[in-house]
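The values are calculated or read from the model by the stated rules, or taken from the named source; none is laboratory data. Since the model is a prediction, treat every value here as computed from it, not as a measurement. Positions of Cβ are generated from backbone atoms using ideal geometry, with glycine treated the same way; all protein chains shown enter the neighbour counts.
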Amino acid sequence: MMSLRLSGSRRSLARQARERFVDALDGCIGDLALGVQTRFEGLMIGEVQASTVEQIHLALEADRRFRAERQNWMAAARRAWRAGLTRLPAASGAAGGGPPPQFALEDDAVVERKIIASRLAGAISEAAAADISDLKLRIRHLEQTADWPAQDVLRPETLASSLVEAWIGCGLTQPMWRLAQPAIQNLLARRMAEAYRALNAYLIDNGVMARIELKSQVRLDRSGSRRPASPVGAPPSGAGELVRFGPAGAAQEQPRGNPGTPPLARWREQAQGVLGQLRRLLGERLVGYDAGAAPAAPSPGLASALARQTELFVETELMPEPGLGAVRPMPSEQVRTVAGRLRQRAAGLKAQAERPSEKAIIEIVALMFLAILAEERLPPSIRVWFARLQIPVLRLALTEPDFFASVQHPARQLIDRMGACALGFDAERISGSRLEREIKRVVQVIEQYPETGHRVFQLVLGEFRKFLGRSLTDNDAVRQAATLAQQVEQKEALAIQYTIELRRMLEPLAVHEDVREFLFHVWSEVLALATVRHGPQHVETLRFKQAGADLLWAASPHAGHAERGSLLQSLAGIIAVLREGMASLAILDGEQDGHIKLLSDAVMQAFVSSAEGLSPSTLDQLGRTLAELEDVVTGDPEGELLLDTGMIEMLFDVAGQAPEVIVSGGAQPSEGLLRWTRELELGGWFALEHQGAGTQVQYVWRSARGHLHLLASGAGKSYLAQTHRLAAYLQAGLLVPLEDESLTVRATRQALARLNAAPDQLLN
C-alpha cells in the first residue's frame, strides 16, 4: 500500500476529506431549491403530470409558501450541514464517541420525518453503493475506527436529515415535501454519488488505499455462501485475492467497480471546489460572515449608488462604429480602456458600501469581470458586452448568495453558455454575426430590469438556448445536413416500430416463414422510407402498404378456381411493386432476385395447398391496419441506427451533400460518459480527430429523439454521429472540449488567485 504523501496526521487528512465533501455539496442546496421551485411550477402549469386536483391545489400553496421560505430553508439546511463538521470522531478507535443513546418515545411527526429522511438516504445509498463502501474502508483506515460516527457528514442520512428538518422548521409541510421529493431525490442522489466518487479519487491521490482487496469485504455465513462483510480497520492483504484498483492502480480483473468518472461530473466537482474556496475565504476574512444566512438589503449608501448607475459606456464608446458596408471588429486597446473603467466603477461602489461583506462582494464581482475581459480566446467585442453585466450581476450577488454557492445559478449558466458559444470565433467572424447580435440583445434585456434577479436571468437563459436551437442550423449546408439526419432517424425509428407492429399483427396468423421475414426485415424498411419521403398517406406510400397486404393474400391458400385465377393474373403486378420498393432501398438486382424466389416458392406452396386460407374479413383487417400503420405504432425504440454516408446518399438522393458519418473508432464508453454525451449543450466547441485529420467543430444539432448528433466545422463540413459513437470518441480523446472549465468558474479561480496574492484588496 502506498504511504501517505500528504504531510500531517491521518486524522488531519480525514478531516480535510470531510471539509471537501461539505464544500462540494453546499452548493447543491441551492440547486435543490431551484429544482423544487421548478417542479412546483411544472405541476401548476401542467408540464409535470399531477395525479389529482388536490395535488394541483397543494402545488399552488406549496409554490407560494416555498417562494417565501426558500432562502430561509437553504440557510437553515446549510447551517445544519456545516455544523456536522463539528461532530467528528473524538478518539481513535471509537465508533461514534459521546454518551450512549437515551431511549424515549417519539411522536408520530418525528417518526414520519425520520422515515422521509431515511427514504432519501436510501436513494442516495443505492446510487453510490460502491463508492460509499470504498470510502468507508479508506476513512476507517485513516482513523482506525470500526465505523463512521452516527451523525458523520459522510453518511447519506446526515444531509438528508438536515434538509428535512430545515424544511419542517420553516413551516413547510410533509405533504409539500412529498410533492417536491422527486426533484430533490433525483438531483441529490446524482450529486452525492459524484461527490463520493471524487472523494475516493482525492484520497487515492493522497496515498490512501489505492488498492482495495475485495476478499476482505466478504465472509462466509453458516451455510458456506458468501455475503458482504463490514470489516473493522484496514482490510488484510494476501496473495491470490481479487483486487480492484482506483485511478492509481492498473489491475485488469475487476469483478465490480465504478465507471470512469465522466468529465461533466469531474468538472462540476472541480467547480464546486472553487466556489468552496471562495466561501472559505469570505469566512476567514469577514468576521461573523455566514454563507447560509438570509441576505440583507444593501446598505443605504450602496443602494443609492447602485440606483444612480447608468450604462458604463455610451453606445458609441462601447461598440465599434460601422464602416462602409461592414462592421469593423473592436480593437483590443478598447478592451483595456473598458477594464480601467470597470475598475474605477468598483472602487467608487466600495467607497459607498457600509458593510465589509458588501465591499468583499463588490471586489470579487469586479475581479471576475476583469478576468473575463482578459480572456483572449473570446473576441474583444463579446468581452465588452459581458462587461456590461457587471452591475446586474453585482445586484444579484448582493441579494442572492447562491451566485457564490452554485455553478447551476442561471446567471453563471447564461454567461458560461454565451462564452462557450463565442469561444470558437475570431474577431472578424463574430463581428456583425447573429450570435453577437443575440448577446447584445440579452445584455440589453437584463439592463432593462433595475431589480435584476434570479428569474430574469432564468428567462433570458431559456431564450438564449432557444436561439441556439434555431441559429446553429441557419447555415444552408448545416440546415440541409440536420434535415437529412432527422429523416434518417425518423426512417430508422419507423422501421423498428413498423417491424414490431407487423410481428404483433401476424403472430396469431398462419403465414409462411419466408413471407414473415421479408415483411419484417425488408418491407418495414420500404414503408418507413416511403413515409419519410412522401408522408404516411401519400399515394406512393399507400401503394407500398397495399403491396404488403397483397403479398399476404397471395401467400395464403386459395380454395376455388376463381381465386387461383385471380392470383395468377395479379402476381406479376405484385412482384413488380415489391421490386420497386426494394429498389428504393438501393437493393441490387441479384439480392432482389433472391427475395423474389423465396416469396414465389411460398406463393406456389400456398397455391397447391388444401389448407384453409385467411378469411376475407381477416385480409380486409390486415389491409386497413397496414394502410394506417403509423396510427397504431407507439414508443421510441432505443438502439443502434444503421448509418453510412453512401447509403444515406442513395436512399435520400443527395449525392455529395450528405454529412460525413462517424461509424467507427473511439473506445467503449462508460455509462457515465453516455449520460454526459446526452447532456451536451448546443453551441460548445470541440477539437475533433477523425480519420487522421484534426479540425475544430461546434456541436450544432441534436435530433428530436436524441439519438443523432451533428458537428459542424467553420469550413462548411459537417459530421454526423449517433450517441454511442460520439461517447466513444469522447472516451478515447478523439473529441475534446476546447474548454475544461466554464468561463465564470475560471474567472472565479483567477479572482481568488489575485485575492490570495493581495489579501488587503478584498476590503480596501
Return the total of residues in the stretch 670-706 being in a loop (DSSP other than H, G, I, E, B) and in contact with a Lys or Arg (Cβ under 8 Å, 6 or more places away or on another chain).
5
Considering each residue of the stretch 420-439, count those that are buried (at least 20 other Cβ atoms within 10 Å of the Cβ) and either of a type in the set (D, E, K, R) or closer than 18 Å to LYS466 by Cβ (or both), and give that number.
6
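Could you tell me whether any residue of the stretch 530-541 is assigned to a helix (DSSP H, G or I), in contact with a helix residue (DSSP H, G or I) (Cβ under 9 Å, 6 or more places away or on another chain), under 19 Å from GLN487 (Cβ atoms) and basic (Lys, Arg)? Full working, then the answer.
To start, the set of residues in the stretch 530-541 that are assigned to a helix (DSSP H, G or I) comprises 530-534, 539-541.
Narrowing the set further to residues that are in contact with a helix residue (DSSP H, G or I) (Cβ under 9 Å, 6 or more places away or on another chain) leaves 530-534, 540-541.
Cutting the leftovers down to under 19 Å from GLN487 (Cβ atoms) gives us 530-534, 540-541.
Filter once more, so that each one left must be basic (Lys, Arg): 533.
Yes, the conditions are met somewhere in the stretch 530-541.
Could you say whether any residue in the stretch 466-476 is assigned to a helix (DSSP H, G or I) and either β-branched (Val, Ile, Thr) or within 30 Å of LEU25 (Cβ to Cβ) (or both)? Quick ask: steps written out before the conclusion?
Of all residues in the stretch 466-476, those assigned to a helix (DSSP H, G or I) come to 466-471, 476.
Of the ones still in play, those that are also either β-branched (Val, Ile, Thr) or within 30 Å of LEU25 (Cβ to Cβ) (or both) are none.
Scanning the stretch 466-476 turns up no residue that is assigned to a helix (DSSP H, G or I) and either β-branched (Val, Ile, Thr) or within 30 Å of LEU25 (Cβ to Cβ) (or both).
Is it fair to say PHE369 is closer than 18 Å to LEU278 by Cβ and of a type in the set (Phe, Trp, Tyr)?
Criteria met by PHE369.
Tell me, yes or no, whether the stretch 639-660 has at least one residue that is over 30 Å from LEU585 (Cα atoms), at pLDDT 80 or above and not hydroxyl-bearing (Ser, Thr, Tyr).
no
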Specify which of the listed residues (GLU358, GLU363, GLU376) is closer than 23 Å to GLU739 by Cα and either of a type outside the set (A, V, I, L, M, F, W, C) or not in a helix (DSSP H, G or I) (or both).
GLU376
Exactly one condition in (1) in contact (Cβ under 8 Å) with a residue 40 or more places away in the chain; (2) part of a strand (DSSP E or B); (3) within 19 Å of THR473 (Cα to Cα) is not met by HIS709; state its number.
(1)
In the set ALA83, ALA68, ALA75, which member is part of a helix (DSSP H, G or I), hydrophobic (A, V, I, L, M, F, W, C), modelled with pLDDT of 85 or more and in contact with a Gly (Cβ under 7 Å, 6 or more places away or on another chain)?
ALA75
Given the residues SER161, SER133, which is the only one that is assigned by TED's automatic domain parsing to the domain that holds ARG191 and surrounded by fewer than 21 Cβ atoms within 10 Å (Cβ to Cβ)?
SER133
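Would you mind finding the one in ALA728, ALA715, ALA732, ALA721 that is within 24 Å of the chain's Cα centre (by Cα), surrounded by fewer than 21 Cβ atoms within 10 Å (Cβ to Cβ), not assigned by TED's automatic domain parsing to the domain that holds LEU389 and not charged (D, E, K, R)?
Details: ALA728 fails: surrounded by fewer than 21 Cβ atoms within 10 Å (Cβ to Cβ); ALA715 fails: within 24 Å of the chain's Cα centre (by Cα); ALA721 fails: surrounded by fewer than 21 Cβ atoms within 10 Å (Cβ to Cβ).
Step by step, each of ALA728, ALA715, ALA732, ALA721 is checked, and only ALA732 is within 24 Å of the chain's Cα centre (by Cα), surrounded by fewer than 21 Cβ atoms within 10 Å (Cβ to Cβ), not assigned by TED's automatic domain parsing to the domain that holds LEU389 and not charged (D, E, K, R).
Of everything in the stretch 564-579 that's in contact (Cβ under 8 Å) with a residue 12 or more places away in the chain and not β-branched (Val, Ile, Thr), which residue is surrounded by the most Cβ atoms within 10 Å (Cβ to Cβ)? Lay out the reasoning, then the answer.
The initial filter retains those residues of the stretch 564-579 that are in contact (Cβ under 8 Å) with a residue 12 or more places away in the chain, namely 564, 567, 570-571, 574-575, 577-579.
When the remaining residues are screened for being not β-branched (Val, Ile, Thr), the result is 564, 567, 570-571, 578-579.
Details: ARG564: 14, LEU567: 19, SER570: 13, LEU571: 17, LEU578: 23, ARG579: 16.
Looking at residues that are in contact (Cβ under 8 Å) with a residue 12 or more places away in the chain and not β-branched (Val, Ile, Thr), I get LEU578.
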Can you go through GLY613, GLY548, GLY594, GLY565 and tell me which one is part of a loop (DSSP other than H, G, I, E, B) and of a type outside the set (D, E, K, R)?
GLY613
Are any residues in the stretch 453-502 buried (at least 18 other Cβ atoms within 10 Å of the Cβ) and closer than 16 Å to ARG437 by Cα, and if so, which ones?
VAL460, LEU461, PHE464, PHE467, LEU468, SER471, LEU472
